[in-house]
Amino acid sequence: GSTYSSKVFRVTFLTLAASLTVPLLGVTLLLDCPIDPQPISLKEPPLLTGVLEPNTKLRKAERLWENQVVGPESIVHIGDVLFTGTADGKIIKIENGEIQTIARIGHGPCGTREDEPACGRPLGIRVGPNNTLFVADAYYGLYEVNPGTGETKMLVSTKTLIEGQKLSFVNDLTVTRDGRKIYFTDSSSKWQRRDYLFLIMEGTDDGRLLEYDTVTKEVKVLMVGLRFPNGVQLSPAEDFVLVQETAMARIRRYYVSGLMKGGADMFVENMPGLPDNIRLSSSGGYWVAMSAVRPNPGFSLLDFLSEKPWIKRMIFKLLSQETVIKFVPKYSLVVELSETGSYRRSFHDPNGVTVAYVSEAHEHNGYLYLGSYQSPFICRLNLQHV
């Protein structure tokens, strides 16, 4: 009797399961998928051991101007005055603790995903030789901003096609000491900043590294075929530019002078997270902020999905980007690289308790200022105390 009832149970269960699965599959097949993901092969993430050993050093950071600055992606100083761009399209300065809006490239309203292209989103920000600010706005292009008067001057507009391809997601920039050349990234000609998760998940390889000459006003394409090129940084000797390739968890190097000029190679491969911005460290190396981590030991969602485009399709047919992002662990990680790209040290905040979604680590006067594309504050870490 018991085998008969277990058979009945099994048949009933399978029938029920099938009757639920088939319509669900049917619906899923009929639904459009916003992305067309390609399989990407990533190596197994590096083990978090040695200098990468997890710690809680980032939790020693203090939160500054809480709920007064939202999404301070990139940070610079002129003297002791801090400048950053915020999620509501503003470029602000903070002097003696006072926050002041100096410029905005777009126009309001701001706040929703739909508003972002008109509102603008200042991302990378740098100081030029005459103490003017160079700003990469994701939607509008490259601008020069006078921090005293707030006057903005467009250098490269996203309306201009560069070598037949549009700029959809201008991301970061780095400027030569003489201010002549600006190297900048366009993360994709297909996806905008508000769809950065689609860009990561699709692994679109239409990102570029470009060069703008402030004298001739010419824009040149230096590298193509990059999967989400993000932060950029000139070497201290200005002989090469480092480009973070976020979707591939690696850093590429492009030579801008010397014998290797025009050539490119790999600087760091297979990083423990997805690199966002990169900035110089006082030791001659580089600070790299990771927007997400690839835990090993542990489960890395990104790595699991990288070679399974069909799962990605299912996910994005059913869920919004906002929902998917909630499944990404809030693990904050900043690493310092030597001048040759080896890991010097790492600062972690395993659950993003103090600081989450770190986009940049900017060193100034013995402190590390941590930018974030989402947090409503700036964090500051005393490097003497870690």
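The values are calculated or read from the model by the stated rules, or taken from the named source; none is laboratory data. In this text the structure is predicted, and so the values were computed from the model without any measurement. Counting neighbours? That spans all protein chains shown, and the Cβs are built from the backbone with ideal geometry, glycine included. With ligands, DNA and RNA removed, areas are computed over all heavy atoms of the protein, side chains included. Shrake-Rupley method; radii C 1.70, N 1.55, O 1.52, S 1.80 Å.
Let's see how each residue does on (1) open to solvent by less than 50 Å² (accessible area, probe 1.4 Å); (2) outside any loop (DSSP other than H, G, I, E, B); (3) over 30 Å from Arg126 (Cβ atoms); (4) touching a helix residue (DSSP H, G or I) at 6+ places or on another chain (Cβ under 8 Å):
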| site | (1), (2), (3), (4) |
| --- | --- |
| Asp276 | yes, yes, no, yes |
| Ser282 | no, no, no, no |
| Trp310 | no, yes, yes, no |
| Lys317 | yes, yes, yes, yes |
| Glu322 | no, yes, yes, no |
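Among the residues of the stretch 12-30, not a single one is surrounded by 11 or more Cβ atoms within 10 Å (Cβ to Cβ) and part of a loop (DSSP other than H, G, I, E, B). Might you check whether a residue that is under 14 Å from Leu199 (Cβ atoms) and either open to solvent by 20 Å² or more (accessible area, probe 1.4 Å) or touching a residue at least 60 places away in the same chain (Cβ under 8 Å) (or both) occurs anywhere in the stretch 227-235? So far as the stretch 227-235 goes, yes, one or more of its residues are under 14 Å from Leu199 (Cβ atoms) and either open to solvent by 20 Å² or more (accessible area, probe 1.4 Å) or touching a residue at least 60 places away in the same chain (Cβ under 8 Å) (or both). Quick one: would you say Val224 is open to solvent by 30 Å² or more (accessible area, probe 1.4 Å), in a strand (DSSP E or B) and at negative phi? Yes; evaluated as a whole, the condition is true for this residue. If I filter the stretch 257-273 for residues that are among the aliphatic types (A, V, I, L, M), crowded, with 19+ Cβ neighbours inside 10 Å and touching a Lys or Arg at 6+ places or on another chain (Cβ under 8 Å), do I get at least one hit? Within the stretch 257-273 (the criterion being among the aliphatic types (A, V, I, L, M), crowded, with 19+ Cβ neighbours inside 10 Å and touching a Lys or Arg at 6+ places or on another chain (Cβ under 8 Å)), the answer is yes, since at least one residue qualifies. From the list Pro46, Pro39, Pro54, the one residue that fits, being within 26 Å of Trp191 (Cβ to Cβ) and surrounded by 10 or more Cβ atoms within 10 Å (Cβ to Cβ), is Pro39. Looking across the stretch 324-343 at every residue that is open to solvent by less than 20 Å² (accessible area, probe 1.4 Å) and outside any helix (DSSP H, G or I), the one that is farthest from Met266 (Cα to Cα) is identified as Ser332. Of the residues making up the stretch 77-99, those that are of a type outside the set (Val, Ile, Thr), out of contact with any Phe, Trp or Tyr (no Cβ under 9 Å at 6 or more places or on another chain), under 19 Å from Gly124 (Cα atoms) and in a strand (DSSP E or B) are Phe83, Gly85, Lys90. Applying a threshold of 8 Å to beta carbon distances and a minimum spacing of six or more residues, or different chains, the list of pairs starting in the stretch 352-367 at a residue that is without any contact (Cβ under 8 Å) to a residue 60 or more places away in the chain and among the hydrophobic types (A, V, I, L, M, F, W, C) and ending at one that is open to solvent by less than 30 Å² (accessible area, probe 1.4 Å) and part of a loop (DSSP other than H, G, I, E, B) reads Ala356/Ser375. Filtering the stretch 109-143 to residues that are open to solvent by less than 40 Å² (accessible area, probe 1.4 Å) and of a type in the set (D, E, K, R) leaves Asp115, Glu116, Arg121, Arg126, Asp137. Residues of the stretch 351-361 being open to solvent by 30 Å² or more (accessible area, probe 1.4 Å) and either in a strand (DSSP E or B) or closer than 11 Å to Gly71 by Cα (or both), which ones? Tyr357, the sole residue that qualifies.
Taking the criterion of being within 20 Å of the chain's Cα centre (by Cα), among the β-branched types (Val, Ile, Thr) and more than 13 Å from Val170 (Cα to Cα), the residues of the stretch 180-223 that qualify are Ile200, Thr204. Just to be sure I understand the filter: pairs with C-beta atoms under 8 Å, separated by 6 or more residues or on different chains, first member in the stretch 293-314 and over 30 Å from Val355 (Cβ atoms), second member aromatic (Phe, Trp, Tyr) and modelled with pLDDT under 90. Which pairs pass? So the pair list comes out empty. The residues of the stretch 66-103 that are open to solvent by less than 30 Å² (accessible area, probe 1.4 Å) and over 22 Å from the mean Cα position of the chain (by Cα), listed by number, are Val81, Ile94, Ile102, Ala103. State whether one or more residues within the stretch 209-219 are open to solvent by 20 Å² or more (accessible area, probe 1.4 Å), over 23 Å from Ile75 (Cα atoms), touching a residue at least 60 places away in the same chain (Cβ under 8 Å) and not basic (Lys, Arg). Yes, the stretch 209-219 has at least one match.
Going by the conditions given, is Ile162 over 24 Å from Ile278 (Cα atoms) and among the hydrophobic types (A, V, I, L, M, F, W, C)? Spelling it out, Ile162 is indeed over 24 Å from Ile278 (Cα atoms) and among the hydrophobic types (A, V, I, L, M, F, W, C).
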